[in-house]
1. How much FRET efficiency would the formula 1/(1 + (r/R0)^6) give for LEU10 and VAL113, where r is the Cβ-Cβ distance and R0 is 25 Å, rounded to 0.05?
2. Given R₀ = 41 Å, what would the calculated FRET efficiency be for GLU149 paired with VAL45, taking r from the Cβ atoms and rounding to 0.05?
3. Kindly report, to the nearest 10 Å², the accessible surface of TYR55 as traced by a 1.4 Å probe over protein heavy atoms only.
4. Send over a whole-number figure in Å² for the accessible area per residue of the chain, probe 1.4 Å.
Amino acid sequence: MSVTPDPFGLTAMYPSLRRFAAVVSSSDGDPDDLLQAAVERLLRVQADVEDPGAYLRRCMVNLESNRRRGLGRFRAAVGRLRAGTHEDRYPSDLSLLDALSPLDRSVLFLVDVEGRPSSAVAEQLGLTDSAVRTRATRARAELRARLQEESP
């Protein structure tokens, strides 16, 4: 039995990447599929990647953004075909997070949940330090506003 080498250190990074995928993917997405798709891309371009963790996080954000954009187009097309509208009878607090973009969700997760400094998050996601702080502030404000709208 041969042991497959782990050139990128994915085994050590997996728990953190899995949590990140769970945050970035919307409630109707599968975080394991998202992470697997990102790893597949990493394996295809392996020679060009300096920081596999940063590459995988950015890749997951991009993949989820593309999926969400495609679902938005699909829902708009279905909405045009349907005569009536449909409202969710059982809304969830998670739907508030789904209203944020995958990038904003990932920034909030890395800064607020994992406690990473904005400079490290900026490096991981390919943003500037000020862009990370701005996105986090705006995302928190949007969540607060949505929560206040829902409160009686």
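1. Details: r = 21 Å, r/R0 = 0.86.
The formula returns an efficiency of 0.70 here.
2. On the way: r = 43 Å, r/R0 = 1.05.
My answer for the efficiency is 0.45.
3. Using a 1.4 Å probe on the heavy atoms, I get roughly 70 Å².
4. Numbers: 9860 Å² over 152 residues.
With the other protein chains kept in place, the chain gives 65 Å² per residue.
The values are calculated or read from the model by the stated rules, or taken from the named source; none is laboratory data. Please read these numbers as outputs of a predicted model, since none were measured by experiment. In this analysis, Cβ positions are derived from the backbone assuming ideal geometry, glycine residues included, and neighbour counts consider all displayed protein chains. These area figures cover heavy atoms from the full protein model, side chains too; ligands, DNA and RNA do not enter into them. Shrake-Rupley method; radii C 1.70, N 1.55, O 1.52, S 1.80 Å.
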